[in-house]
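Trainee: Pasting a structure below so you can have a look.
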Amino acid sequence: MSRRVSYRIHDRDDGLFDAAATVAPDKTYRREGFASLADAEEWIDGLRVLMAAIGAPVVQAQPEPGLRDAPPLPFSAARATEPKTAGARLRRFRDAMSASEDEAD
């Protein structure tokens with residue numbers, strides 16, 4: 001069963017950007033510290049590719065209070081260690097989602 005994924009991009013006071021992705025109904029992950037809005041949008045495009053592979057649409061959500069309290073994304077390691085290919089990003093995201101679902105069980 002596919003889940004809907006919504007995202008938000010936040011502009012921080014220090015000039016950096018954060019992205020929050022929510023997997024329906026209520027699992028929210030964050031990726032912090034993008035240097036530019038373009039970097040955050042590029043990451044969202046990668047998320048769209050990954051989620052399309054498992055049949056989950058990604059949509060932009062309306063801002064809601066309390067998102068800054070969301071836990072960090074499980075794959076928010078330093079940029080230098082991020083997988084560069086869509087397949088590698090998909091495997092890493094799938095592993096992270098599996099781990100979070102195992103915790104919920």
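The values are calculated or read from the model by the stated rules, or taken from the named source; none is laboratory data. Keep in mind that this is a model prediction, so the values were computed, not measured. Heads up, the Cβs are rebuilt from the backbone with ideal geometry, glycines too, and the neighbour counts pull from every protein chain shown.
Trainee: Do any residues in the range 14-39 that are free of Cβ contacts under 8 Å to residues at least 24 places away in the same chain have Cβ atoms under 6 Å from those of residues that are surrounded by fewer than 18 Cβ atoms within 10 Å (Cβ to Cβ) and outside any strand (DSSP E or B), where the two are at least six apart or on different chains, and which pairs are they?
Mentor: Matching pairs, first to second residue: F17/L37; A24/R3; A24/R4; G33/L16.
Trainee: Separate question: Can A21 be described as among the aliphatic types (A, V, I, L, M), out of contact with any His (no Cβ under 8 Å at 6 or more places or on another chain), surrounded by fewer than 16 Cβ atoms within 10 Å (Cβ to Cβ) and within 17 Å of R92 (Cα to Cα)?
Mentor: no
Trainee: List pairs: first residue in the range 84-105 and of a type in the set (A, V, I, L, M, F, W, C), second residue at pLDDT below 70 anywhere in the structure, Cβ distance under 7 angstrom, at least six positions apart or on different chains.
Mentor: Final answer for the pair search is F93/F75; A96/P74; A96/F75; A99/P74.
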